[in-house]
Amino acid sequence: MAAARKPAERRSRDPERTRTRILEAATREFARHGLGGARVDRIAARAGANKRMLYYYFGDKETLFGAVLEHAYARIRAAEEALRLLDVPPAEGVRRLVEFTWRYYLAHPEFITLLNSENLHRARHLKRSPHIGAMNSPLIATLAEILRRGAASGEFRAGVDALQLYVSIAALAYFYLSNNHTLSAVFGRDLGTEAAHVERLAHMVDVVLGYLAAPAAARRAPRPVGLEAA
């Protein structure tokens, strides 16, 4: 009778699980040390793999870093999709997106540090990715539909660009968290406390929904003739 395989051997024969372990280990390594400071041997050791296996799946450190970025974007986009933003009224959909973005960045600080690192490299890894555009386009399309519905109902101002709005939502969270230590030091106020986080989220929601709100005159405008009995 053949001897039972050891756990490590069984794991190594599961390609998808091995690949996922390498990606997760690489995410932590790149988030902590950046692309330049990251070491393949540390990634392999943390993943319970060897460098040969890592190179087999990803080719080299640069390609692995690109795969980590794709993995990070895939995770946040999948989580956003689960919000089902089109199943609620427009204002609630926007509120959910703002709250989700803030809480996701808080729960996943590695996402911010990975993006910081990639920006230092002028997004050269993301530019090579054949998948990144398709990952991110559905979110903008969803937000555009929310804005269309809100404008049609008279709740939102018309003509808001969905991409610009998403960039603003992300920036409201990203800048605050990525610069939290310097902002706290410069202004002499601890912006990293739980109370400060609650205050920041409330401010973000007010800013975004306040910007989107249709002018009062437009909200009070009479309906066009012929629609009164519709």
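The values are calculated or read from the model by the stated rules, or taken from the named source; none is laboratory data. Note that the structure is predicted; figures quoted are calculated from it, not measured. Backbone-built Cβ (ideal geometry, glycine too); neighbour counts: all protein chains shown.
Listed residues Ala134, Ala151; which is assigned to a helix (DSSP H, G or I) and surrounded by fewer than 12 Cβ atoms within 10 Å (Cβ to Cβ)?
Ala134
From the list Tyr211, Tyr176, which residue is among the aromatic types (Phe, Trp, Tyr) and surrounded by 15 or more Cβ atoms within 10 Å (Cβ to Cβ)?
After applying the criteria, what remains is Tyr176.
Does Glu145 count as among the charged types (D, E, K, R), in contact (Cβ under 8 Å) with a residue 60 or more places away in the chain, surrounded by 13 or more Cβ atoms within 10 Å (Cβ to Cβ) and in a helix (DSSP H, G or I)?
Answer is no for this residue.
Spot the failing condition for Glu24; the list is (1) modelled with pLDDT of 95 or more; (2) more than 18 Å from the chain's Cα centre (by Cα); (3) not assigned by TED's automatic domain parsing to the domain that holds Glu155, and only one is missed.
Here Glu24 meets the rest and fails (2).
Yes or no: region 14-25 includes at least one residue that is small (Gly, Ala, Ser) and in a helix (DSSP H, G or I).
yes
When you look at Leu147, is it touching a strand residue (DSSP E or B) at 6+ places or on another chain (Cβ under 8 Å), modelled with pLDDT of 95 or more and not β-branched (Val, Ile, Thr), yes or no?
yes
Quick one: would you say His131 is in contact with a Leu (Cβ under 9 Å, 6 or more places away or on another chain) and not hydrophobic (A, V, I, L, M, F, W, C)?
Spelling it out, it is not the case that His131 is in contact with a Leu (Cβ under 9 Å, 6 or more places away or on another chain) and not hydrophobic (A, V, I, L, M, F, W, C).
Suppose we filter region 83-112 for residues that are in a loop (DSSP other than H, G, I, E, B) and either farther than 21 Å from Ile146 by Cα or of a type in the set (Ser, Thr, Tyr) (or both); how many remain?
So the answer is 1.
Looking at region 169-186 only, could you name the residues that are assigned to a helix (DSSP H, G or I) and without any contact (Cβ under 8 Å) to a residue 12 or more places away in the chain?
Across region 169-186, the qualifying residues are Ala171, Phe175, His181, Thr182, Leu183, Ser184, Ala185, Val186.
What's the number of the only condition in (1) surrounded by fewer than 19 Cβ atoms within 10 Å (Cβ to Cβ); (2) touching a strand residue (DSSP E or B) at 6+ places or on another chain (Cβ under 8 Å) that His71 fails to meet?
Unmet for His71, out of (1) surrounded by fewer than 19 Cβ atoms within 10 Å (Cβ to Cβ); (2) touching a strand residue (DSSP E or B) at 6+ places or on another chain (Cβ under 8 Å): (2).
Please go through region 34-53 and give me each residue that is within 22 Å of Ala74 (Cβ to Cβ) and modelled with pLDDT of 95 or more, ordered by number.
Gly34, Leu35, Ala38, Ile43, Arg46, Ala47
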